[in-house]
Structure formats: structure tokens, C-alpha cells
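What follows is one structure encoded as C-alpha cells, with my remarks underneath.
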Amino acid sequence: MRGLKLIFLLILITAVCHASVAQKDGVNVRLVDGDSPCAGRVEVHHRGQWGTVCDVGWDLVDATVVCRELDCGEPVDALSDAHFGQGLGPIWMSFVVCTGSESTLKNCGSAGWGKSSCDHSKDAGVICSEVRLVGDSRCSGRLEIFHDQTWMSVCDAAFDQQDAEVVCRELDCGAPVQVLGTAAFGKGDTQMWTQEIQCRGNESQIHLCPTSPSYENNCSHEYSVGLMCADSVNVRLVDGHSRCAGRVEVFHRGQWGTVCDEDWDMADAAVVCRELNCGEPVDSVGDAHFGQGSGPIWMSYVLCTGSESTLKNCGSTGWDKSNCDHDDDAGVICSGKLLKVRLVGGSRCSGRLEILHDQSWMSVCDAAFDQQDSEVVCRELDCGAPVQVLGAAAFGKGDNQMWTQEIQCRGNESQIHYCPTSPTHKHSCSHEYSVELVCADSVNVRLAGGNSRCAGRVEILHRGQWGTVCDDYWDMANAAVVCRELDCGEPVDALGGAHFGSGSGQIWMSYVVCTGSEPSLKSCGSTGWSESNCDHFDDAGVICSV
């Protein structure tokens with residue numbers, strides 16, 4: 001059976017036509033039976049009647065649209081199972097799929113108006129927050145409060161530890177660690193909130209706390225308050241060989257849990273790697289590759305576009321709604337941040353070697369690099385074995401600083417930053433001697449069976465083996481990525497039905513979803529490596545303009 005992610009994608013494609021025009025007078029959505037206008041059961045107005053929303057697939061992306069539509073700030077939680085009590089009347093929407101950019105919930109995809117197998121015990125709910133932290137992460141930064149449709153900074157004289165406890169609780173960020181003043185997270189340019197907040201510390205949301213005029217009437221941005229909560233990290237990688245590789249675990253409602261590997265792909269992995277400052281995704285793995293976790297399986301059928309700031313903002317079937325067990329725990333291998341590597345000037349797997357050190361990219365002197373070092377670099381970049389180490393700036397000289405340390409890899413390390421280094425004797429190495437590297441998998445995609453290199457059956461190289469792509473929902477956005485990756489101009493046609501003949505080997509990707517801006521086909525969403533119900537009669541093809 002195809003995954004729920006595929007159902008969601010179909011809904012996005014087909015259900016938009018069911019969305020009706022927004023009400024000319026009044027609102028289209030409301031939150032009912034919560035403790036504020038920004039928390040409660042989600043109800044939608046359609047055809048003159050208020051109805052509820054089924055919680056199947058209900059997630060934080062959907063909640064984001066509701067909170068923004070109601071001018072209620074940021075989403076804190078997307079709730080299910082009639083958390084705020086059961087509603088009445090029709091269940092207007094089910095299998096809601098929002099991208100997060102919609103202006104109203106009614107513009108999101110769904111199964112169609114009134115088409116639902118749910119009852120009111122499955123009514124969806126939302127908690128929005130009128131407070132946020134701006135800076136390092138969702139749980140640490142400069143405090144801002146949403147008031148009169150405007151975000152406002154808070155004066156540090158008007159804020160104390162009890163107030164901090166309420167903010168961290170409201171944001172699902174654990175306990176407060178530190179309250180900071182003197183614009184620790186930047187001054188910001190918002191208006192200043194000069195009311196003194198007088199929380200007792202046990203309130204569920206900051207707007208429930210009493211306020212009084214502050215004595216600091218002239219408080220400036222230099223004294224805006226900052227806050228660090230305990231759960232400033234929402235995701236972690238466990239039981240791998242570094243902090244940038246391992247089983248994916250998500251922190252939610254005070255507890256760490258795992259992620260189901262159903263439809264887990266490189267777009268999802270990209271969000272995890274970026275959230276952890278771990279560079280680029282090298283592989284997205286399943287089947288408890290890094291061992292089985294414990295506790296809840298918080299997320300299943302995760303659907304990221306790749307641009308989300310945190311995994312918790314990606315679509316899913318809803319918190320703790322999974323048919324998986326821990327045999328299916330998802331994992332990620334990221335390239336790593338410390339001494340992160342890249343190849344520049346050729347392709348992802350060929351070019352001038354650069355290493356990230358102290359937040360700067362540095363070229364490497366060819367006297368400080370050998371075959372064993374190249375094996376580690378190619379392995380870390382998922383680029384196969386090294387083919388050739390070149391000097392004399394074959395891919396251009398570059399203009400960044402030179403890395404003068406000698407890298408002394410044994411050749412079996414998984415990442416370059418695990419290799420020891422020592423000062424090189426070539427202290428005055430110039431850009432003319434920067435090292436260049438060609439790895440075996442310097443091309444990750446090719447077009448086969450056509451009459452030119454820019455037309456043919458799409459084949460992708462993964463884990464050392466060429467395989468094909470299923471044509472299910474293969475379209476021009478996907479073709480655009482292939483043509484650009486191959487430097488073949490613009491897409492002319494996206495073909496299916498093995499138009500260029502049937503391939504062989506693995507069918508690596510199925511239900512590919514590209515936005516069109518990805519640097520490579522492997523960066524697009526899919527059902528997961530080799531997760532396909534297709535055969536080679538369904539191989540996808542592309543014709544590019546060049």
C-alpha cells in the first residue's frame with residue numbers, strides 16, 4: 001500500500017479545486033472551547049454553517065495557517081482526539097494538507113468538503129502563541145509579544161523568572177535556563193512593550209498573566225530581554241559515530257521520541273542536518289539502522305519541503321500517530337559541521353577542495369593532501385571512491401584563505417574532521433597549488449537511451465549503483481532539476497511509460513516531488529530509496545533543450 005505521504009501529495013494536487021472562495025464578511029475559521037481566542041477546537045465556516053476538522057494528518061504546518069489567519073502568532077501545538085471537546089455539525093475537512101503559506105485554512109488541500117470517515121471524537125485543535133523568541137532557535141532568543149497585530153520587544157525591567165517559566169511552558173520549551181538583558185540576542189527594531197508582566201509562574205500562556213504600566217517608560221532596545229529555555233534543541237541524532245549521524249529523535253511534550261522511516265527521504269534529512277548545524281545530508285536511512293529507540297514514535301510519514309527551520313514544522317500524520325514500531329526508526333547521516341568539506345568548480349563530486357574552519361571556507365594545499373585523505377572526502381560526500389587527485393588549480397584558483405595544516409587520514413575515517421592534522425612545511429602555499437579532487441560518482445544523474453546526453457531515461461547513482469526513477473507524478477518541475485544538474489538547459493518534456501526503453505537494476509526513486517530549485521534530483525522528496533511499487537515499464541524520461 002502506498003504511503004500516507006502519497007495520499008497527501010495527491011490531495012495537494014487534486015483537492016485545491018474543492019476550496020471555496022473566502023467569506024466576504026466575517027471569518028472563515030475560529031478556535032472554540034479553549035482558554036483564549038488563540039487556543040481551541042478548530043472550526044471552519046462553509047456554506048453558512050460552522051463545522052469541525054478531522055485530526056487525520058493534522059500537524060503543525062496546518063496549525064501555522066490557522067494561527068496566522070487568526071492573527072494569533074506562532075503555533076505551539078496541533079492537537080487531536082477532541083482535546084478541546086467534541087464539536088457539532090458537519091466535519092467539513094479531513095486529511096488537511098497545508099504547505100504553510102496559505103492565507104486561509106480553506107485554501108489548503110483536503111479530501112473535499114464534508115468528505116470524512118471521522119466522527120467528532122477526532123476533532124482537531126490548535127494552540128497558538130502570542131509570544132516568540134527570536135535569535136538562536138525556537139527556544140532561545142529575544143522575547144517578543146504579539147499585541148494589536150504587532151510583534152513587540154519586552155523591556156528587561158518588566159520581566160522576571162516567573163514570567164520566564166510561563167513563556168518557556170507556552171512554547172513547549174521546558175524550563176527557563178537563563179533570563180538575559182542588554183539585548184543579548186540583538187536589539188531588534190520592533191516597538192517596545194512597556195507593560196510590566198506579573199505572572200505567578202503557573203499560567204499556561206503569557207496573555208493570562210496580569211500586567212501593569214512599567215516604571216521604565218523610556219526603555220530602549222538596548223534593554224530588550226532575552227531568554228534561554230532548556231529545550232532549545234528539538235531534535236538530536238543518537239547512537240551514531242558523531243553528533244551529526246544517528247537515529248533521529250524529536251523532543252515533544254517533555255519527552256524524546258523517534259521518527260518512523262515510512263517515506264523518510266533526503267528532503268527530510270536536509271531539515272535535520274540544517275537544524276543541528278551539521279551541514280548537508282549524506283544519507284537518509286531506515287530500518288533502525290542505528291539501533292532501536294524507545295518511547296513514543298512521535299512522527300510518521302514526514303513530509304518536508306527541505307526549507308523548514310525545524311523538523312517539527314514538517315508535515316506528518318500527527319503527533320504519536322503511527323503504525324510503526326521501533327524496527328522502523330529513521331536515521332540520518334550528515335556531512336558534519338566541523339571541518340566540513342565541499343568540492344567547488346566541477347560538480348558535487350568533483351572540484352576544488354574546500355574545508356570549513358572557524359566559519360570560513362578554506363582551500364587546501366596539494367602538498368598537504370594524499371590518496372588516503374581523498375578516500376575520506378569522497379566517502380563523506382557520498383561520492384564513491386576517489387578517481388584522481390589534481391593540483392595546479394585545475395578547477396580554478398579560488399580566492400579564499402589557504403588551509404595550511406597537513407591532513408593525515410588513515411583512509412578509513414567516516415568524516416574528514418576525524419583525521420589528525422599537523423602543521424605543514426609549505427607555509428607559503430598559494431592558490432596555484434590548491435588541491436582538486438575527482439570522485440567516482442561525480443555525476444549522480446544521467447539520461448540513457450536517448451539520441452543525446454540531454455535526452456533519455458533518467459538514471460540516478462546511489463550507493464554505487466545506477467538505477468531508474470518511477471514515472472508516478474513525474475513532471476516538468478522534476479525534469480527542470482535534472483536538466484539543470486546536467487547543464488542541459490531547460491526542460492522540454494517530462495516523459496513516462498519507459499519512453500526511452502526499460503532500464504535495469506534498482507528503481508531508486510518513486511513519487512518524486514521537486515520544487516524545481518533543488519541542486520540535484522537526489523535532494524528532491526520521494527517515497528524513500530528503492531521504496532517503489534513500479535516496474536521498469538514505468539521508467540521516467542526527460543528531454544532537455546540542449
Looking only at segment 54-83, which residues are within 22 Å of ARG169 (Cβ to Cβ), touching a Lys or Arg at 6+ places or on another chain (Cβ under 8 Å) and small (Gly, Ala, Ser)? GLY73, SER80
Go through (1) within 23 Å of PHE251 (Cα to Cα); (2) in contact with a helix residue (DSSP H, G or I) (Cβ under 9 Å, 6 or more places away or on another chain); (3) not in a strand (DSSP E or B) and name the single condition ALA111 misses. (1)
Applying the selection to segment 415-432, what residues are modelled with pLDDT under 75 and within 37 Å of the chain's Cα centre (by Cα)? HIS431
Kindly indicate which of VAL272, VAL282 is modelled with pLDDT of 90 or more and either outside any loop (DSSP other than H, G, I, E, B) or of a type in the set (Ser, Thr, Tyr) (or both). VAL272
Given GLU144, GLU165, which one is at pLDDT 80 or above, in contact with a Phe, Trp or Tyr (Cβ under 9 Å, 6 or more places away or on another chain), surrounded by 15 or more Cβ atoms within 10 Å (Cβ to Cβ) and among the acidic types (Asp, Glu)? GLU144
Any chance GLY141 is free of Cβ contacts under 8 Å to residues at least 60 places away in the same chain and not charged (D, E, K, R): no
Looking at segment 471-485 only, could you name the residues that are at pLDDT 90 or above and over 13 Å from LEU521 (Cα atoms)? ASP471
Which number in (1) assigned to a loop (DSSP other than H, G, I, E, B); (2) within 29 Å of LEU461 (Cα to Cα) marks the one condition that ASP399 misses? (2)
Within segment 341-349, is there a residue that is of a type outside the set (Gly, Ala, Ser), modelled with pLDDT of 85 or more and outside any strand (DSSP E or B)? no
Checking ALA367 against (1) farther than 30 Å from CYS67 by Cα; (2) free of Cβ contacts under 8 Å to residues at least 40 places away in the same chain; (3) in a helix (DSSP H, G or I), which test does it fail? (2)
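Per-residue answers, yes or no, for (1) open to solvent by 40 Å² or more (accessible area, probe 1.4 Å); (2) over 29 Å from the mean Cα position of the chain (by Cα); (3) closer than 24 Å to ASN313 by Cα; (4) at pLDDT 85 or above:
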residue	(1), (2), (3), (4)
MET93	no, no, yes, yes
GLY100	no, no, yes, no
LEU105	no, no, yes, yes
GLY114	yes, yes, no, yes
LYS122	yes, no, yes, yes
SER137	no, no, yes, no
MET152	no, no, yes, yes
Out of (1) out of contact with any His (no Cβ under 6 Å at 6 or more places or on another chain); (2) surrounded by 20 or more Cβ atoms within 10 Å (Cβ to Cβ), the odd one out for GLU490 is which? (2)
Those residues of segment 285-319 that are of a type outside the set (S, T, N, Q) and modelled with pLDDT under 80 come to a total of 3
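This table checks each residue for (1) without any contact (Cβ under 8 Å) to a residue 60 or more places away in the chain; (2) outside any strand (DSSP E or B); (3) under 21 Å from the mean Cα position of the chain (by Cα); (4) farther than 29 Å from LEU311 by Cβ.
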| site | (1), (2), (3), (4) |
| --- | --- |
| VAL32 | yes, no, no, yes |
| VAL42 | no, no, no, no |
| VAL53 | no, no, no, no |
| VAL65 | yes, yes, yes, no |
| HIS83 | yes, yes, no, no |
| GLY87 | yes, yes, no, yes |
Is it the case, given these coordinates, that GLY295 is part of a strand (DSSP E or B), open to solvent by 30 Å² or more (accessible area, probe 1.4 Å) and either touching a Gly at 6+ places or on another chain (Cβ under 9 Å) or under 30 Å from PHE251 (Cα atoms) (or both)? no
Going by the conditions given, is LEU133 surrounded by fewer than 18 Cβ atoms within 10 Å (Cβ to Cβ) and outside any helix (DSSP H, G or I)? no
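The values are calculated or read from the model by the stated rules, or taken from the named source; none is laboratory data. Values in this document were obtained by computation on a predicted structure and should not be read as measured data. As a convention, Cβ positions derive from the backbone with ideal geometry for all residues, glycine included, and neighbour counts pool all protein chains shown. Each accessible area value is taken on the protein alone, full model and side chains, heavy atoms only, with ligands, DNA and RNA left out. Shrake-Rupley method; radii C 1.70, N 1.55, O 1.52, S 1.80 Å.
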